[in-house]
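Asks: Pasting a structure below so you can have a look.
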Amino acid sequence: MLSDMRFAWRALFRRPGVPLVIAGLFALSVGLASGMWAVIHAVLLRPLPYRDGHQLVVILETHKERGAMAVTRANFFDWASRTTTMQDATGLGGLEASVSGRGAPVQVIGTKVTERFTDLMGVRPMLGRGLHAEDFRGDGRLVVIGHGLWTRQFDRDPNAIGARLTIDGQPYTVAGVMPADFRMIGNPELWVPWIMSAEERNNRRFHELGALARLRPGRTVADAQQELTALYAQLRAEHPDTTAGWSATVQTLRDLMLGDTRQALLVLALVIAVLLIVASINVAGLLRAWLPTRRQEFIIRMAIGASTPRVVRQLLLETLTWAIA
């Protein structure tokens, strides 16, 4: 077999045209297929990087004329306290702030979160701790930062826990650092407690709160949707001046993140599969057209004692060598 492989390499350099075309077809088709598999695995197949990520759902308020929007604060707290199909519901608010620690000030995207955020995501900080319930009862001057911000502002110092971080001119204490692979929509790099006054918690007019929740074990998206539809019927009756015409929709976090890309990825995967088939047919056609040019070689080899299986093995090893190349 080693002799056959040496012969295959000599044949490759002696007649490089067809072998190089075959190697190129293999490289193109296998490269595209493996690249596509990496994308499909990352987007469609790999679990979300959160504890039981398939149970995470997003709730949006919907109106037949205004479409889907974020949730009002008062509506969120009302249904979150009444739901039996979901748990650890948390509210998220956008935050763009100037941040400085030991490094130069930078503009950072962050997130304001309500109490159940740490329990909901189920991801432990790599350093320190997450935000606990008691952190929402004081002035809320604790912050959990992302790995990138920790690197830029504290040069990956493990003693950064308890250090001061200035956010929009206000001093905060670093409570924890999230792992490098922790990601959320919008790529925020810090999370601070969302401290609301009673007036802010009772606001039903401004749709500014992103709502995440976790389905209870054994519950489905359909169960949560049915319950929220009933809860919003109650809210419309209780607050007709602000909630009339509004309902809610539930979808998994994965579906929200994928959006309309799932069908496009599946179509692209089908195209790649067809490409692999076409490449294989082309390789077979090239070999079939090329073999007659080696008839004289095969006749001589068989005349000096080579069997048919021996010649076939030689051809298979040649093709394998070219594919490896």
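Asks: Calculate log10 I(q)/I(0) of the chain for q = 0.13, 0.14, 0.16 Å⁻¹, where I(q) comes from the Debye formula with a single equal point scatterer on each Cα and nothing for solvent.
Replies: Computed log10 I(q)/I(0) values: -0.98, -1.08, -1.29.
Asks: Of the candidates Thr72, Thr173, Thr114, which one comes out as most mobile in a Gaussian network treatment of the chain with C-alpha springs shorter than 10 Å?
Replies: Thr173
Asks: Let me ask something else. Which values of log₁₀ I(q)/I(0), to two decimal places, follow from the Debye formula for the range 208-276 at q = 0.17 Å⁻¹ with a uniform point scatterer at every Cα?
Replies: Computed log10 I(q)/I(0) values: -0.79.
Asks: Now a separate question. Calculate how steeply helix 308-324 sits against the longest principal axis of the alpha-carbon atoms of the chain, using the helix alpha-carbon long axis, and give the answer as 0 to 90 degrees to the nearest 10.
Replies: It is inclined by approximately 40 degrees.
Asks: Something else about it: Hey, can you find the accessible area per residue of the range 233-325 for me, probe 1.4 Å, expressed in square angstrom?
Replies: Details: 5740 Å² over 93 residues.
Value for the range 233-325: 62 Å² per residue.
Asks: Additional query: Where does the range 88-245 land on the Kirkwood hydrodynamic radius, alpha-carbon pairs, in angstrom?
Replies: 17.2
Asks: Hey, what's the per residue convex hull volume over the C-alpha atoms of the range 184-325, in cubic angstrom?
Replies: 239
Asks: Stick to the Cα atoms of the range 97-150, pair each with every other, and give me the Kirkwood hydrodynamic radius in Å at one decimal.
Replies: Kirkwood hydrodynamic radius for the range 97-150: 12.6 Å.
Asks: Let me ask something else. Taking all protein chains in place and a 1.4 Å probe, what share, in percent, of the accessible surface of the chain do carbon and sulfur account for?
Replies: Whole-percent figure for carbon plus sulfur exposure: 59.
Asks: Compute the Kirkwood hydrodynamic radius of the range 169-265, taking the inverse of the mean of 1/r over all pairs of distinct Cα atoms, and give it in Å to one decimal.
Replies: It works out to 17.3 Å.
Asks: Take the Cα pairs of the range 1-50, get the Kirkwood Rh, then feed it into Stokes-Einstein at 25 °C and 0.890 mPa s and tell me D in µm²/s. Mind dumping the intermediate values first?
Replies: Values: Rh = 13.7 Å.
So the translational diffusion coefficient is about 179 µm²/s.
Asks: How much accessible area per residue does the range 90-149 have, counting only protein heavy atoms and a probe of 1.4 Å, in square angstrom?
Replies: In whole numbers, the range 90-149 has 45 Å² accessible per residue.
Asks: Considering only Ala74, Leu275, Met302, whose Cα is most displaced toward the positive end of the charge dipole of the chain, charges sitting on Cβ of Lys, Arg (+1) and Asp, Glu (-1)?
Replies: The residue sitting farthest along the positive end of the dipole is Met302.
Asks: Report the normalised scattering of the range 45-145 as log10 I(q)/I(0) at q = 0.10, 0.15 Å⁻¹, calculated by the Debye formula with identical scatterers on the alpha carbons.
Replies: So the normalised log intensities are -0.38, -0.82.
Asks: Relative to the longest principal Cα axis of the chain, at what angle does helix 221-238 sit, 0 to 90 degrees, rounded to 10?
Replies: In the chain, helix 221-238 runs at an angle near 20 degrees to the longest axis.
Asks: Would you please classify the overall shape of the range 154-219 from the alpha carbon gyration tensor, given that a ≥ b ≥ c denote the square roots of the eigenvalues, rounded means a/c under 1.5, and beyond that prolate means a/b larger than b/c while oblate covers the rest?
Replies: Oblate.
Asks: Turning to a different aspect of this structure: Where the only charges are on Cβ atoms (+1 Lys, Arg; -1 Asp, Glu), what is the dipole of the range 128-265 about its Cα centre, to the nearest 20 debye? Please report the intermediate quantities before stating the final value.
Replies: Values: 16 positive and 17 negative charges, 57 e Å.
Using Cβ point charges on Lys, Arg, Asp and Glu, the range 128-265 gives about 280 debye.
Asks: Specify the residue with the greatest mean-square fluctuation among Leu291, Leu95, Leu258, computed from a Gaussian network of the chain linking alpha-carbon atoms under 10 Å apart.
Replies: Between Leu291, Leu95, Leu258, it is Leu291 that shows the largest mean-square fluctuation.
Asks: Using the Karplus curve 6.51 cos²θ - 1.76 cosθ + 1.60 with θ = phi - 60°, work out ³J(HN,Hα) for each residue of the range 50-60 in order, rounded to whole Hz, and write x for Gly and Pro.
Replies: Coupling constants for the range 50-60: 10, 5, 6, x, 5, 8, 7, 10, 10, 10, 10 Hz.
The values are calculated or read from the model by the stated rules, or taken from the named source; none is laboratory data. These figures come from a predicted structure and were not determined experimentally. Neighbour counts run over all protein chains shown; Cβ positions are idealised from the backbone, glycine included. In case anyone asks, the SASA skips ligands and DNA or RNA and just uses the protein heavy atoms, side chains included. Shrake-Rupley method; radii C 1.70, N 1.55, O 1.52, S 1.80 Å.
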